[in-house]
Amino acid sequence: MDYQNIIAESRDKVGVITLNRPKALNALSDELMDEIEHAVDRFEADDSIGALVITGSEKVFAAGADIKRMQEYSYMDVYMGNFIGSSWQRLSNCRKPVIAAVAGYALGGGCELAMMCDFIIAADSAQFGQPEIKLGIIPGAGGTQRLPRFVGKAKAMEMCLTGRMMDAEEAERAGLVSRIVKADQLLDESLKTANQIASLSRPSVMMAKNAVNRAYETTLNEGIELERTMFRSLFATEDQAEGMAAFADKRKPDWKHRCAHSPGVPFESRQHVLPLHLA
(Lines give C-alpha, C1' and ligand atoms only; values in the text may rest on other atoms or scores of the structure.)
Protein backbone atom coordinates (compact mmCIF):
# COMPACT_ATOMS: atom_id res chain seq x y z
CA MET A 1 0.00 0.00 0.00
CA ASP A 2 1.29 3.44 -0.95
CA TYR A 3 0.74 5.61 2.13
CA GLN A 4 -0.28 9.22 1.60
CA ASN A 5 -0.88 10.32 5.19
CA ILE A 6 1.64 8.35 7.27
CA ILE A 7 5.17 7.00 7.09
CA ALA A 8 5.58 3.38 8.19
CA GLU A 9 9.04 1.91 8.69
CA SER A 10 10.88 -0.72 10.71
CA ARG A 11 13.70 0.19 13.04
CA ASP A 12 15.41 -2.87 14.44
CA LYS A 13 12.57 -4.79 16.16
CA VAL A 14 10.20 -1.83 16.26
CA GLY A 15 7.54 -0.73 13.80
CA VAL A 16 7.34 3.08 13.59
CA ILE A 17 4.28 4.95 12.32
CA THR A 18 4.69 8.69 11.77
CA LEU A 19 1.64 10.84 11.09
CA ASN A 20 2.45 12.84 7.96
CA ARG A 21 -0.12 15.51 7.15
CA PRO A 22 1.95 18.61 7.96
CA LYS A 23 -0.28 21.09 6.13
CA ALA A 24 -3.30 19.86 8.13
CA LEU A 25 -1.37 19.62 11.43
CA ASN A 26 -1.73 15.83 11.23
CA ALA A 27 -5.51 16.11 11.46
CA LEU A 28 -7.11 12.68 11.56
CA SER A 29 -9.24 11.53 8.66
CA ASP A 30 -10.76 8.22 7.62
CA GLU A 31 -8.01 7.85 5.02
CA LEU A 32 -5.27 8.39 7.59
CA MET A 33 -6.86 5.97 10.05
CA ASP A 34 -7.27 3.36 7.29
CA GLU A 35 -3.55 3.66 6.60
CA ILE A 36 -2.76 3.26 10.31
CA GLU A 37 -4.95 0.15 10.35
CA HIS A 38 -3.08 -1.29 7.38
CA ALA A 39 0.33 -0.52 8.89
CA VAL A 40 -0.63 -2.04 12.25
CA ASP A 41 -1.88 -5.17 10.47
CA ARG A 42 1.46 -5.58 8.73
CA PHE A 43 3.56 -4.95 11.85
CA GLU A 44 1.39 -7.27 13.92
CA ALA A 45 1.81 -10.05 11.35
CA ASP A 46 5.60 -9.54 11.13
CA ASP A 47 7.37 -11.87 13.59
CA SER A 48 10.49 -9.68 13.52
CA ILE A 49 8.55 -6.77 15.08
CA GLY A 50 8.01 -6.85 18.84
CA ALA A 51 6.58 -3.39 19.55
CA LEU A 52 5.24 -0.29 17.81
CA VAL A 53 5.78 3.45 18.19
CA ILE A 54 3.41 6.06 16.78
CA THR A 55 4.47 9.68 16.62
CA GLY A 56 3.90 12.98 14.84
CA SER A 57 6.11 15.99 14.24
CA GLU A 58 8.09 18.13 16.67
CA LYS A 59 5.30 20.72 16.83
CA VAL A 60 2.19 18.59 16.69
CA PHE A 61 1.28 14.97 17.34
CA ALA A 62 -2.23 15.39 15.92
CA ALA A 63 -4.39 18.48 16.26
CA GLY A 64 -7.67 16.58 16.17
CA ALA A 65 -10.00 15.35 13.48
CA ASP A 66 -10.32 17.04 10.09
CA ILE A 67 -12.82 19.79 10.97
CA LYS A 68 -13.01 21.19 7.44
CA ARG A 69 -14.29 17.84 6.25
CA MET A 70 -16.47 17.15 9.28
CA GLN A 71 -18.43 20.39 8.94
CA GLU A 72 -19.94 19.09 5.70
CA TYR A 73 -21.36 15.94 7.32
CA SER A 74 -24.97 15.42 8.36
CA TYR A 75 -26.19 13.01 11.01
CA MET A 76 -27.02 10.41 8.37
CA ASP A 77 -23.59 10.87 6.78
CA VAL A 78 -21.75 10.00 10.00
CA TYR A 79 -24.24 7.31 11.07
CA MET A 80 -24.64 5.43 7.80
CA GLY A 81 -20.98 6.00 6.89
CA ASN A 82 -19.86 4.59 10.26
CA PHE A 83 -17.68 7.64 10.89
CA ILE A 84 -15.04 6.91 13.54
CA GLY A 85 -15.56 3.20 12.91
CA SER A 86 -13.41 0.11 13.31
CA SER A 87 -10.23 1.51 11.77
CA TRP A 88 -10.17 4.21 14.47
CA GLN A 89 -9.93 1.50 17.14
CA ARG A 90 -7.21 -0.59 15.49
CA LEU A 91 -4.38 0.70 17.69
CA SER A 92 -6.22 -0.22 20.87
CA ASN A 93 -6.76 -3.75 19.52
CA CYS A 94 -3.13 -4.37 18.57
CA ARG A 95 -1.77 -7.38 20.46
CA LYS A 96 1.77 -6.03 20.41
CA PRO A 97 2.65 -3.10 22.71
CA VAL A 98 2.15 0.34 21.21
CA ILE A 99 3.88 3.47 22.52
CA ALA A 100 2.65 6.97 21.69
CA ALA A 101 5.59 9.41 21.39
CA VAL A 102 3.90 12.80 21.75
CA ALA A 103 5.44 16.20 21.11
CA GLY A 104 3.49 19.41 20.71
CA TYR A 105 -0.29 19.37 20.47
CA ALA A 106 -2.36 16.22 20.98
CA LEU A 107 -5.87 17.63 20.85
CA GLY A 108 -9.27 16.07 20.32
CA GLY A 109 -8.79 12.99 18.18
CA GLY A 110 -5.04 13.36 18.64
CA CYS A 111 -5.39 13.00 22.41
CA GLU A 112 -7.76 10.07 21.88
CA LEU A 113 -5.30 8.42 19.48
CA ALA A 114 -2.52 8.71 22.06
CA MET A 115 -4.76 7.21 24.76
CA MET A 116 -5.47 4.20 22.52
CA CYS A 117 -1.82 3.24 22.91
CA ASP A 118 -0.47 1.21 25.82
CA PHE A 119 1.36 4.19 27.27
CA ILE A 120 2.50 7.66 26.33
CA ILE A 121 6.01 9.10 26.44
CA ALA A 122 5.69 12.87 26.23
CA ALA A 123 8.11 15.55 25.16
CA ASP A 124 8.35 18.53 27.50
CA SER A 125 6.50 20.47 24.78
CA ALA A 126 3.44 18.21 24.78
CA GLN A 127 -0.05 19.64 25.27
CA PHE A 128 -3.13 17.44 25.69
CA GLY A 129 -6.78 18.41 25.43
CA GLN A 130 -10.34 17.53 24.40
CA PRO A 131 -11.63 20.83 22.95
CA GLU A 132 -14.60 19.35 21.05
CA ILE A 133 -17.07 21.20 23.31
CA LYS A 134 -15.97 24.45 21.67
CA LEU A 135 -17.23 23.08 18.35
CA GLY A 136 -20.65 22.14 19.68
CA ILE A 137 -19.85 18.42 19.88
CA ILE A 138 -18.20 15.98 22.31
CA PRO A 139 -15.27 13.55 21.89
CA GLY A 140 -16.22 10.64 19.65
CA ALA A 141 -13.20 8.31 19.67
CA GLY A 142 -13.07 7.41 23.35
CA GLY A 143 -12.17 10.71 25.00
CA THR A 144 -15.01 10.71 27.53
CA GLN A 145 -14.28 7.07 28.41
CA ARG A 146 -10.50 6.73 28.41
CA LEU A 147 -9.59 10.12 29.88
CA PRO A 148 -11.40 9.52 33.23
CA ARG A 149 -9.64 6.16 33.50
CA PHE A 150 -6.28 7.92 33.15
CA VAL A 151 -6.75 11.15 35.12
CA GLY A 152 -9.92 10.62 37.19
CA LYS A 153 -13.44 11.99 36.81
CA ALA A 154 -12.88 15.52 38.12
CA LYS A 155 -10.01 16.47 35.82
CA ALA A 156 -11.52 14.66 32.82
CA MET A 157 -14.86 16.38 33.38
CA GLU A 158 -13.20 19.80 33.55
CA MET A 159 -11.22 19.18 30.37
CA CYS A 160 -14.23 17.88 28.41
CA LEU A 161 -16.54 20.67 29.61
CA THR A 162 -14.12 23.57 29.15
CA GLY A 163 -11.67 22.38 26.50
CA ARG A 164 -8.75 23.30 28.78
CA MET A 165 -5.37 21.93 27.73
CA MET A 166 -3.01 20.03 30.01
CA ASP A 167 0.75 20.41 29.68
CA ALA A 168 3.24 17.57 29.96
CA GLU A 169 4.04 18.10 33.65
CA GLU A 170 0.38 18.10 34.67
CA ALA A 171 -0.25 15.09 32.42
CA GLU A 172 2.51 13.15 34.15
CA ARG A 173 1.24 14.07 37.62
CA ALA A 174 -2.28 13.04 36.63
CA GLY A 175 -1.17 9.70 35.21
CA LEU A 176 -1.90 10.40 31.55
CA VAL A 177 1.74 9.95 30.48
CA SER A 178 4.34 7.53 31.80
CA ARG A 179 7.22 10.00 31.71
CA ILE A 180 8.55 13.21 30.17
CA VAL A 181 11.70 13.58 28.08
CA LYS A 182 13.30 16.48 26.26
CA ALA A 183 11.73 17.13 22.88
CA ASP A 184 14.92 16.39 20.95
CA GLN A 185 15.23 13.02 22.71
CA LEU A 186 11.62 11.90 22.33
CA LEU A 187 11.93 9.49 19.41
CA ASP A 188 15.25 8.05 20.59
CA GLU A 189 13.90 7.39 24.09
CA SER A 190 10.67 5.91 22.72
CA LEU A 191 12.58 3.62 20.36
CA LYS A 192 14.90 2.61 23.19
CA THR A 193 11.93 1.63 25.34
CA ALA A 194 10.18 -0.14 22.46
CA ASN A 195 13.32 -2.13 21.59
CA GLN A 196 13.70 -3.11 25.24
CA ILE A 197 10.17 -4.52 25.16
CA ALA A 198 10.74 -6.16 21.78
CA SER A 199 13.84 -7.94 23.09
CA LEU A 200 11.80 -9.84 25.69
CA SER A 201 9.72 -13.01 25.43
CA ARG A 202 6.80 -12.22 23.11
CA PRO A 203 4.24 -14.50 24.81
CA SER A 204 5.08 -12.97 28.19
CA VAL A 205 4.82 -9.43 26.84
CA MET A 206 1.48 -10.10 25.17
CA MET A 207 0.03 -11.68 28.30
CA ALA A 208 1.33 -8.90 30.54
CA LYS A 209 -0.33 -6.33 28.27
CA ASN A 210 -3.58 -8.28 28.24
CA ALA A 211 -3.60 -8.71 32.00
CA VAL A 212 -2.99 -5.02 32.74
CA ASN A 213 -5.67 -3.95 30.25
CA ARG A 214 -8.19 -6.32 31.80
CA ALA A 215 -7.74 -4.52 35.13
CA TYR A 216 -9.93 -1.76 33.66
CA GLU A 217 -12.59 -4.17 32.47
CA THR A 218 -13.20 -6.55 35.36
CA THR A 219 -13.39 -6.89 39.14
CA LEU A 220 -10.30 -7.28 41.32
CA ASN A 221 -10.98 -10.95 42.10
CA GLU A 222 -11.68 -11.81 38.47
CA GLY A 223 -8.57 -9.92 37.38
CA ILE A 224 -6.38 -11.73 39.88
CA GLU A 225 -7.78 -15.07 38.73
CA LEU A 226 -7.07 -14.14 35.11
CA GLU A 227 -3.54 -13.07 36.03
CA ARG A 228 -2.93 -16.34 37.87
CA THR A 229 -4.20 -18.35 34.88
CA MET A 230 -1.92 -16.45 32.49
CA PHE A 231 1.01 -16.80 34.87
CA ARG A 232 0.56 -20.55 35.03
CA SER A 233 0.12 -20.87 31.27
CA LEU A 234 3.55 -19.35 30.66
CA PHE A 235 5.08 -22.45 32.26
CA ALA A 236 4.08 -24.20 29.03
CA THR A 237 6.51 -22.05 27.02
CA GLU A 238 10.17 -22.62 26.27
CA ASP A 239 10.83 -19.03 27.30
CA GLN A 240 9.86 -19.67 30.93
CA ALA A 241 12.40 -22.49 31.20
CA GLU A 242 15.02 -20.51 29.29
CA GLY A 243 14.49 -17.30 31.29
CA MET A 244 14.89 -19.02 34.65
CA ALA A 245 17.85 -21.09 33.46
CA ALA A 246 19.54 -17.94 32.14
CA PHE A 247 18.97 -16.21 35.46
CA ALA A 248 20.53 -19.13 37.34
CA ASP A 249 23.45 -19.28 34.90
CA LYS A 250 23.94 -15.47 34.97
CA ARG A 251 23.65 -15.11 31.19
CA LYS A 252 21.30 -13.46 28.72
CA PRO A 253 18.28 -15.59 27.75
CA ASP A 254 17.81 -16.82 24.20
CA TRP A 255 14.08 -16.36 23.69
CA LYS A 256 12.29 -18.70 21.29
CA HIS A 257 8.76 -17.23 21.54
CA ARG A 258 7.11 -20.65 21.38
CA CYS A 259 5.48 -23.34 23.44
CA ALA A 260 7.61 -26.06 24.96
CA HIS A 261 8.07 -29.19 22.80
CA SER A 262 6.45 -27.48 19.81
CA PRO A 263 7.81 -27.34 16.26
CA GLY A 264 9.93 -24.34 15.38
CA VAL A 265 6.97 -22.14 14.60
CA PRO A 266 7.13 -18.69 16.27
CA PHE A 267 4.46 -18.03 18.88
CA GLU A 268 2.96 -15.12 16.93
CA SER A 269 2.68 -17.05 13.66
CA ARG A 270 0.22 -19.43 15.29
CA GLN A 271 -1.78 -16.56 16.75
CA HIS A 272 -2.14 -14.20 13.80
CA VAL A 273 -2.81 -14.87 10.13
CA LEU A 274 -1.90 -12.22 7.59
CA PRO A 275 -5.13 -10.82 6.11
CA LEU A 276 -5.67 -11.70 2.47
CA HIS A 277 -5.53 -8.07 1.36
CA LEU A 278 -1.99 -7.81 2.83
CA ALA A 279 -0.63 -11.04 1.37
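The values are calculated or read from the model by the stated rules, or taken from the named source; none is laboratory data. Bear in mind the structure is a predicted one, so any value in this text is a computation, not a measurement. Note that we place each Cβ from the backbone using ideal geometry, even for glycine, and neighbour counts take in every protein chain shown.
Right, Leu226: over 22 Å from Ala51 (Cα atoms), in contact with a Ser or Thr (Cβ under 9 Å, 6 or more places away or on another chain) and not assigned by TED's automatic domain parsing to the domain that holds Phe119 or not? Spelling it out, Leu226 is indeed over 22 Å from Ala51 (Cα atoms), in contact with a Ser or Thr (Cβ under 9 Å, 6 or more places away or on another chain) and not assigned by TED's automatic domain parsing to the domain that holds Phe119. Scanning the range 71-96 for residues that are over 30 Å from Met206 (Cβ atoms) and free of Cβ contacts under 8 Å to residues at least 12 places away in the same chain yields Gln71, Glu72, Tyr73, Ser74, Tyr75, Met76, Asp77, Val78, Tyr79, Met80, Gly81. The residue pairs whose first member lies in the range 162-176 and is farther than 14 Å from Ala123 by Cβ and in contact (Cβ under 8 Å) with a residue 40 or more places away in the chain, whose second member is buried (at least 16 other Cβ atoms within 10 Å of the Cβ) and among the small types (Gly, Ala, Ser), and whose beta carbons are closer than 7 Å, counting only pairs six or more residues apart or on different chains, are Met165/Gly129.
What about Glu9, is it without any contact (Cβ under 8 Å) to a residue 60 or more places away in the chain and either more than 20 Å from Ser190 (Cβ to Cβ) or among the acidic types (Asp, Glu) (or both)? For Glu9, the condition - without any contact (Cβ under 8 Å) to a residue 60 or more places away in the chain and either more than 20 Å from Ser190 (Cβ to Cβ) or among the acidic types (Asp, Glu) (or both) - is met.
For the range 232-241, indicate whether the set of residues that are within 29 Å of Ile121 (Cα to Cα) and β-branched (Val, Ile, Thr) is non-empty. No, the range 232-241 has no match at all.
Ile197 meets each of the listed conditions (1) among the aliphatic types (A, V, I, L, M); (2) closer than 17 Å to Ile54 by Cβ; (3) surrounded by fewer than 17 Cβ atoms within 10 Å (Cβ to Cβ) apart from (3).
When each of Thr218, Thr229 is tested for being modelled with pLDDT of 95 or more, hydroxyl-bearing (Ser, Thr, Tyr) and out of contact with any Pro (no Cβ under 7 Å at 6 or more places or on another chain), the lone residue that passes is Thr229. Mind listing whichever residues of the range 166-190 are in a loop (DSSP other than H, G, I, E, B) and of a type outside the set (S, T, N, Q)? Within the range 166-190, Gly175, Leu176, Val177, Lys182 qualify. Can you find a residue that is closer than 20 Å to Ala24 by Cα and either modelled with pLDDT under 95 or in a loop (DSSP other than H, G, I, E, B) (or both) anywhere in the range 140-161? There is at least one residue in the range 140-161 that is closer than 20 Å to Ala24 by Cα and either modelled with pLDDT under 95 or in a loop (DSSP other than H, G, I, E, B) (or both).
Of all residues in the range 21-45, those satisfying the criterion of being at negative phi and over 17 Å from the mean Cα position of the chain (by Cα) are Arg21, Pro22, Lys23, Ala24, Ala27, Ser29, Asp30, Glu31.
Selection over the range 121-167 of residues that are closer than 17 Å to Val60 by Cα and among the acidic types (Asp, Glu) gives a count of 2. Among the residues here, Val98 qualifies as among the aliphatic types (A, V, I, L, M) and within 13 Å of Val40 (Cα to Cα). Checking Thr193, Thr218 one by one, the residue that is outside any helix (DSSP H, G or I) and β-branched (Val, Ile, Thr) is Thr218 and no other.
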